[in-house]
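Asker: Below are the structure tokens for one structure; questions will follow.
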Amino acid sequence: MAMTETLGQQIIIQRANSPLISEVDYEVRNGKFLTTAIDAVYDQRDRVFPNGTGGFELEVGLFFEDGEDLVRVDKETRNQIIEELNILAEEMGGFCSCQYELGAHQVEVNQSPDFLLKGNWQISDVLEFHQKVDYILSTVCKKHGIRVMSLGADAMSRMDDTPRSGKPGDKYEKVPNYATKNSVGLPLMREMHLDHEPDGTMPGGIYATQFNVAVESWDKAIKMADLATMTCPYVLAMVGNSRIINGIDTGWNETRSEMWSRTHELPMGRRSFIPEKYFGSIEGYLEHISKFPLILEADSFQSAMAIAVGMTWTPGKIKPELNENLEVEGLLFEFRAVPAQLTPVENTAATLFAYGRTLWGLQEDEPLIEMDKTEKNKEAAIRQGLNAEAYYIHSQDSSRHTGWRVERADGQEMIQIELERAIKGLVTAGHGTEDNLRLLFNGCFGVEGGRLSPSQRIVRGIKQEMTGDKDTEFGDERITTRIKAKTYLAVVDRLMEKGRLKGLTKVLTS
């Protein structure tokens with residue numbers, strides 16, 4: 001590359017030589033818009049931006065019970081529910097807004113700008129949002145005889161047959177079609193014991209709870225993104241809850257991230273979850289988001305950047321806010337790896353674990369383990385959860401964090417180390433006390449003698465329901481018969497009732 005070339009120009013050359021991009025007219029036009037946007041962002045890389053605010057998103061699915069089946073609601077019913085949700089939310093002060101997502105039965109709930117977290121927000125502030133969302137969802141859906149499912153993935157629905165929200169020609173048609181046609185991801189059916197191979201509509205059956213936080217600099221945002229990638233396997237091991245797919249026990253702890261990753265992997269690399277390498281710098285991040293086809297037609301510099309960022313689904317997404325003059329008005333960081341949980345308090349715990357663990361790494365200037373070890377951690381987390389060994393960063397002097405080295409530990413030992421780090425990260429940042437955070441994490445995820453992930457809890461409950469033996473211990477063996485929706489829902493209902501943890505909620509909101 002000539003030294004006189006800007007970063008944007010270098011990227012446009014790379015795009016021109018990239019498969020799926022170089023011969024597509026609209027991608028050439030997209031690239032020209034993107035070049036200018038990238039150079040504008042890069043030129044402002046040393047600016048300091050407002051920080052301190054944060055906001056949440058939650059995705060859920062809506063279902064009818066039809067005899068012993070669990071059936072996704074149709075798009076028209078879902079749209080009516082969204083209208084009623086927004087009316088009720090407005091009556092409660094407008095704390096959130098609801099809209100549709102890719103799946104025709106999906107609802108996305110976003111915290112409204114006037115209700116964003118500010119300063120030294122506490123556990124109770126996060127929990128309040130999730131409790132309010134839970135209230136409006138349960139209030140509106142109960143009137144229509146609709147069940148709300150807030151888990152990592154649809155457990156009873158075929159993942160290759162997801163009705164879509166979108167209209168012909170919009171992003172919910174174009175993007176999944178493109179991924180289905182061009183994906184190079186390895187087959188999942190045999191590995192996950194599924195009847196049908198998932199395609200590009202698969203994200204229409206998966207759900208997340210996401211946290212967006214404003215950060216003041218690109219250096220901080222890049223470090224957060226790389227830490228979020230490194231620690232993503234710890235999060236998935238502890239809060240993975242998508243083991244049941246299509247009524248089949250896959251035996252995996254966490255299928256959501258892998259199905260999304262494989263169905264949207266293109267010849268130029270992974271668009272989802274663990275990238276091929278850490279970003280390391282603003283150049284690395286901008287190069288990563290720019291190498292993929294934008295698929296959608298950009299009509300401005302800002303829209304080109306928004307599409308490039310919006311369709312990159314790594315554990316940590318960095319979102320520059322560009323105005324019409326191409327000035328960066330703010331920098332948002334989004335945690336994307338956390339699957340939706342059954343109850344408000346569990347959504348609170350899962351999100352705070354991911355955020356707190358990243359905060360600790362920032363505070364201690366934690367080095368990164370090699371990417372191949374992060375890859376191995378991810379494989380262990382999604383397949384075995386807390387039953388697997390994992391690599392982690394150990395420091396010889398725990399008070400000064402010197403002598404960093406990579407070690408291995410079993411899942412139970414590893415997650416205890418990582419939880420303590422998350423607690424320290426949150427406490428140091430002023431977001432809670434050690435006692436309350438430990439109470440939150442232990443109350444949601446601890447069991448006598450160790451911890452079980454939500455996937456393990458669900459499968460243990462199903463085994464107990466199927467055998468009638470409430471003392472059945474959890475085992476690693478798969479359930480080999482197809483699970484009935486009635487059985488699954490009975491277990492989920494019990495876990496939701498237990499997971500609301502009224503005593504814990506009282507302590508955390510006091």
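The values are calculated or read from the model by the stated rules, or taken from the named source; none is laboratory data. The model shown is predicted, which means the values in this text are computed figures rather than measured ones. Using ideal geometry, Cβ is built from the backbone for each residue, glycine included, and neighbour counts are taken over all protein chains shown. Side chains are part of the model used for accessible areas, which takes the heavy atoms of the whole protein and leaves out ligands, DNA and RNA. Shrake-Rupley method; radii C 1.70, N 1.55, O 1.52, S 1.80 Å.
Asker: Kindly indicate whether GLU84 is at pLDDT 95 or above, among the acidic types (Asp, Glu) and open to solvent by 20 Å² or more (accessible area, probe 1.4 Å).
Answerer: Against the criterion (at pLDDT 95 or above, among the acidic types (Asp, Glu) and open to solvent by 20 Å² or more (accessible area, probe 1.4 Å)), GLU84 qualifies.
Asker: Out of all the residues in segment 208-229, which are under 19 Å from the mean Cα position of the chain (by Cα), farther than 18 Å from LEU352 by Cβ and of a type outside the set (D, E, K, R)?
Answerer: ALA221, ILE222, ALA225, THR229
Asker: Sticking with this one: Can you name the residue in segment 290-311 that is out of contact with any Phe, Trp or Tyr (no Cβ under 9 Å at 6 or more places or on another chain) and of a type outside the set (A, V, I, L, M) and, of all such residues, is nearest to GLY330 (Cα to Cα)?
Answerer: GLY310
Asker: Out of all the residues in segment 113-134, which are open to solvent by less than 20 Å² (accessible area, probe 1.4 Å) and either under 20 Å from the mean Cα position of the chain (by Cα) or without any contact (Cβ under 8 Å) to a residue 24 or more places away in the chain (or both)?
Answerer: Those that are open to solvent by less than 20 Å² (accessible area, probe 1.4 Å) and either under 20 Å from the mean Cα position of the chain (by Cα) or without any contact (Cβ under 8 Å) to a residue 24 or more places away in the chain (or both): LEU117, ILE123, VAL126, LEU127, PHE129, HIS130, VAL133.
Asker: Could you list all residues from segment 313-346 that are within 18 Å of ALA40 (Cβ to Cβ), touching a helix residue (DSSP H, G or I) at 6+ places or on another chain (Cβ under 8 Å) and in a strand (DSSP E or B)?
Answerer: Residues satisfying the conditions are ILE318, LYS319, PRO320, LEU322, VAL328, LEU331.
Asker: Still on this structure: Considering only segment 97-108, I want to know if a residue exists there that is surrounded by 16 or more Cβ atoms within 10 Å (Cβ to Cβ), among the hydroxyl-bearing types (Ser, Thr, Tyr) and not in a helix (DSSP H, G or I).
Answerer: Looking through segment 97-108, at least one residue is surrounded by 16 or more Cβ atoms within 10 Å (Cβ to Cβ), among the hydroxyl-bearing types (Ser, Thr, Tyr) and not in a helix (DSSP H, G or I).
Asker: Looking at segment 142-163, can you tell me whether even one residue there is open to solvent by less than 40 Å² (accessible area, probe 1.4 Å) and assigned to a helix (DSSP H, G or I)?
Answerer: No, because not a single residue in segment 142-163 is open to solvent by less than 40 Å² (accessible area, probe 1.4 Å) and assigned to a helix (DSSP H, G or I).
Asker: Look at segment 201-240 and say how many of its residues are in contact with a Gly (Cβ under 7 Å, 6 or more places away or on another chain), outside any helix (DSSP H, G or I) and closer than 20 Å to PHE279 by Cα.
Answerer: Matching residues across segment 201-240 total 3.
Asker: Now for a separate question. Can you report the number of residues in segment 164-195 which are of a type outside the set (Gly, Ala, Ser), part of a helix (DSSP H, G or I) and farther than 18 Å from TYR100 by Cα?
Answerer: Residues in segment 164-195 being of a type outside the set (Gly, Ala, Ser), part of a helix (DSSP H, G or I) and farther than 18 Å from TYR100 by Cα: 9 in total.
Asker: Among (1) without any contact (Cβ under 8 Å) to a residue 40 or more places away in the chain; (2) among the small types (Gly, Ala, Ser); (3) open to solvent by less than 30 Å² (accessible area, probe 1.4 Å), which single condition is ALA340 missing?
Answerer: (1)
Asker: Would you say ARG400 is farther than 17 Å from GLU258 by Cβ, open to solvent by 40 Å² or more (accessible area, probe 1.4 Å) and modelled with pLDDT under 90?
Answerer: yes
Asker: Turning to a different aspect of this structure: Can you run down the residue pairs with Cβ atoms below 6 Å, 6 or more apart or on separate chains, where the first is in segment 227-247 and over 16 Å from GLU346 (Cα atoms) and the partner is among the basic types (Lys, Arg) and part of a helix (DSSP H, G or I)?
Answerer: THR231/ARG357; PRO233/LYS378
Asker: Looking at (1) touching an Asp or Glu at 6+ places or on another chain (Cβ under 7 Å); (2) farther than 19 Å from PRO339 by Cβ; (3) not basic (Lys, Arg), find the lone condition where CYS444 falls short.
Answerer: Here CYS444 clears every test but (2).
Asker: Go through segment 294-312 residue by residue and tally those that are outside any loop (DSSP other than H, G, I, E, B), open to solvent by 10 Å² or more (accessible area, probe 1.4 Å) and either touching a Gly at 6+ places or on another chain (Cβ under 9 Å) or in contact (Cβ under 8 Å) with a residue 60 or more places away in the chain (or both).
Answerer: Qualifying residue count for the region: 4.
Asker: Separate question: Any idea which of VAL235, VAL213 is open to solvent by less than 40 Å² (accessible area, probe 1.4 Å), touching a Phe, Trp or Tyr at 6+ places or on another chain (Cβ under 6 Å) and within 30 Å of CYS444 (Cα to Cα)?
Answerer: None of the others qualify; the one that does is VAL213.
Asker: Looking only at segment 11-39, which residues are outside any helix (DSSP H, G or I) and either basic (Lys, Arg) or closer than 21 Å to LYS174 by Cβ (or both)?
Answerer: Those that are outside any helix (DSSP H, G or I) and either basic (Lys, Arg) or closer than 21 Å to LYS174 by Cβ (or both): SER18, PRO19, LEU20, ILE21, SER22, GLU23, VAL24.
Asker: Would you say TYR172 is out of contact with any Pro (no Cβ under 8 Å at 6 or more places or on another chain), under 25 Å from VAL71 (Cβ atoms), without any contact (Cβ under 8 Å) to a residue 60 or more places away in the chain and of a type in the set (Phe, Trp, Tyr)?
Answerer: no
Asker: Within segment 347-379, work out how many residues are outside any helix (DSSP H, G or I), over 27 Å from GLY54 (Cα atoms) and open to solvent by 50 Å² or more (accessible area, probe 1.4 Å).
Answerer: Number satisfying all stated conditions: 1.
Asker: Which of the residues that make up segment 1-33 are of a type in the set (Ser, Thr, Tyr), open to solvent by 60 Å² or more (accessible area, probe 1.4 Å) and at pLDDT below 85?
Answerer: THR4
Asker: Then there's this: Consider SER290 carefully, then state whether it is touching a strand residue (DSSP E or B) at 6+ places or on another chain (Cβ under 8 Å) and open to solvent by less than 10 Å² (accessible area, probe 1.4 Å).
Answerer: In short, no.
Asker: Is there any pair with a first residue in segment 188-212 that is closer than 19 Å to GLU265 by Cα and a second that is of a type in the set (S, T, N, Q) and outside any helix (DSSP H, G or I) whose Cβ atoms are under 6 Å apart and which are 6 or more apart or on different chains, and what are they?
Answerer: Correct list of pairs: MET192/THR250; THR201/THR162; GLY204/THR162; GLY205/SER157; GLY205/THR162.
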